[in-house]
Amino acid sequence: MNAFAKQRLARLHAVMAGFVERGELPGVVTVLARGDEVHVDAIGALGLGGREPMRRDTIFRITSMTKPITAAAALILVEECRLRLDDPVDPWLPELANRRVLRRPDGPLDDTVPAARPISLRDLLTFRLGLGMIVHSEPWPIQVAERELGIPGFGPPDVASPHDPDEWMRRLGTLPLMHQPGAAWQYGLGSYVLGVLIARASGRPLEAFLCERIFEPLGMRDTSFAVPAAKLPRLAASYWVDAATGALTLHDDPKASAWARPPAFPDGGAGLVSTADDYLAFARMLLESGRHGSERILSRAAVETMTTDQLTPEQRRGPDAFGDFFASRGFGFGVAVQLRRDDLWTTPGRYGWDGGYGTSWANDPREGLVAIQLTQRAGFPGTSAPYVDFWTSVYQALDD
């Protein structure tokens, strides 16, 4: 029996091609893998009105799809007993020792109480360290302070940040926490801190550690924090959507890309670029319980822990928990985990994460499935038509 129905794969292609033909996407690369079958489809162009066709090896800014890779790297250090999940991170990150916590998230920065306990590695992996992206739009004092510090981690990726990891940590350490460590899920910042922790605990720059322990063993030749000059012709353009007109506006031009030079701060939360086949290798390693061919990157136990919900019901209902995002989901280490079926394609146990610049990935262990969508259209992936129609089309193509 085939893993996918041929006519239904054609339907997936037609749906994605429709977005390109209507100008809603400049291009798209989709990947479906199940058992020994792999289907990669490249549609459209590298940029609007461009002549260079989208290709299987096109390089994309995967932004938050960086987070699962960083989480996997941290677990490598746990398995080597260089880090422990529930130990304080203070020895490696003294900037986060002796934390103060705001009495109220919207209160003045000097109205604080002592942290009830130190921040742990598990807190970083699950985004429960007490700081992160704030959904509330009012200019609370903590939000004003974040902006004044000028460090990435509280909003869109900023690969042009001039601050190196030590200066980034020094500035972060001047902020009080918004919540007690472990008390509330707050998106994103944990992965940025995690990148610094990995570098300090391993004694190697973050990218060097990722290359040695993940990228090279998996053959991820095009995944990095910067695109070398020889590969820039393969980098897709990046676009924002104009809120007033709906038109795509150029955000990052490959000819003058912010990703064309190594960053001062290697961003473990959103800094990587990658390709369809590179990310497929990482995803299949997780689906195969940490193994890639004869190479074992992680133990089965580590992968199972990473992809198991770590949140309490109270944490999933926190003030910055993306509204109803967690109504049917939990969160593991750098990945969302589906807890129950809430539409046609959300199989319980499915896990993955998306990138705000228009990328998406999930593994479905029950179906033995890896699926990836790479586009150049920024936006919250879960609500965009290309995202929703891609995942609907993926599951309708399964043939068993």
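Check the range 119-135 and report whether any residue there is in a loop (DSSP other than H, G, I, E, B), β-branched (Val, Ile, Thr) and out of contact with any Pro (no Cβ under 9 Å at 6 or more places or on another chain).
Yes, some residue in the range 119-135 is in a loop (DSSP other than H, G, I, E, B), β-branched (Val, Ile, Thr) and out of contact with any Pro (no Cβ under 9 Å at 6 or more places or on another chain).
Quick one: in the range 331-344, which of the residues that are without any contact (Cβ under 8 Å) to a residue 60 or more places away in the chain and not charged (D, E, K, R) is nearest to Leu124 (Cα to Cα)?
Ala336
Tally time: how many residues in the range 368-388 are touching a residue at least 40 places away in the same chain (Cβ under 8 Å), closer than 21 Å to Gly23 by Cβ, surrounded by 16 or more Cβ atoms within 10 Å (Cβ to Cβ) and not polar (S, T, N, Q)?
5
What are the residue pairs meeting all of these: first residue in the range 231-245, first residue charged (D, E, K, R) and outside any loop (DSSP other than H, G, I, E, B), second residue surrounded by fewer than 17 Cβ atoms within 10 Å (Cβ to Cβ) and at pLDDT 90 or above, Cβ atoms under 7 Å, and 6 or more apart or on different chains?
Sorted first by the residue in the range 231-245, then by its partner, the pairs are Arg234/Asp57.
Return the only residue of Phe326, Phe390 being part of a helix (DSSP H, G or I) and either over 30 Å from Gly27 (Cβ atoms) or of a type in the set (Lys, Arg) (or both).
After applying the criteria, what remains is Phe326.
In the range 288-330, how many are within 24 Å of Leu75 (Cα to Cα), touching a residue at least 40 places away in the same chain (Cβ under 8 Å) and loosely packed, with under 14 Cβ neighbours inside 10 Å?
The qualifying residues number 1.
When the residues of the range 230-247 are filtered to those that are under 23 Å from the mean Cα position of the chain (by Cα) and either among the hydrophobic types (A, V, I, L, M, F, W, C) or on the phi > 0 side of the Ramachandran plot (or both), which remaining residue is surrounded by the most Cβ atoms within 10 Å (Cβ to Cβ)?
So the residue we want is Ala236.
Anything in the range 194-229 that is part of a loop (DSSP other than H, G, I, E, B) and not small (Gly, Ala, Ser)? List them, or say none.
Matches in the range 194-229: Arg204, Pro205, Met220, Arg221, Asp222, Thr223, Phe225, Val227, Pro228.
Name every residue in the range 348-357 that is in contact (Cβ under 8 Å) with a residue 40 or more places away in the chain and either in contact with a strand residue (DSSP E or B) (Cβ under 6 Å, 6 or more places away or on another chain) or not in a loop (DSSP other than H, G, I, E, B) (or both), in order of residue number.
If the condition is that a residue be in contact (Cβ under 8 Å) with a residue 40 or more places away in the chain and either in contact with a strand residue (DSSP E or B) (Cβ under 6 Å, 6 or more places away or on another chain) or not in a loop (DSSP other than H, G, I, E, B) (or both), then Tyr351, Gly352, Trp353, Asp354, Gly355, Tyr357 are the ones that fit.
Could you tell me which of the residues Asp90, Asp41, Asp57 is acidic (Asp, Glu), in a strand (DSSP E or B) and either at pLDDT 95 or above or within 25 Å of Arg221 (Cα to Cα) (or both)?
So the residue among Asp90, Asp41, Asp57 that is acidic (Asp, Glu), in a strand (DSSP E or B) and either at pLDDT 95 or above or within 25 Å of Arg221 (Cα to Cα) (or both) is Asp41.
Against the definition (under 22 Å from Val273 (Cβ atoms) and either part of a loop (DSSP other than H, G, I, E, B) or in contact with an Asp or Glu (Cβ under 8 Å, 6 or more places away or on another chain) (or both)), how does Pro157 come out, yes or no?
Yes, satisfied.
For the range 315-340, name all the residues that are touching a helix residue (DSSP H, G or I) at 6+ places or on another chain (Cβ under 6 Å) and of a type outside the set (A, V, I, L, M).
Result: Arg316, Phe326, Gly332, Phe333, Gly334.
Does Leu344 count as out of contact with any Gly (no Cβ under 7 Å at 6 or more places or on another chain), assigned to a strand (DSSP E or B) and either at pLDDT below 90 or among the aliphatic types (A, V, I, L, M) (or both)?
So Leu344 fails the test.
The values are calculated or read from the model by the stated rules, or taken from the named source; none is laboratory data. Small disclaimer: the values here were computed from a predicted structure and weren't measured. Cβ coordinates were reconstructed from backbone atoms using ideal geometry, including for glycine residues, and neighbour counts include every protein chain displayed.
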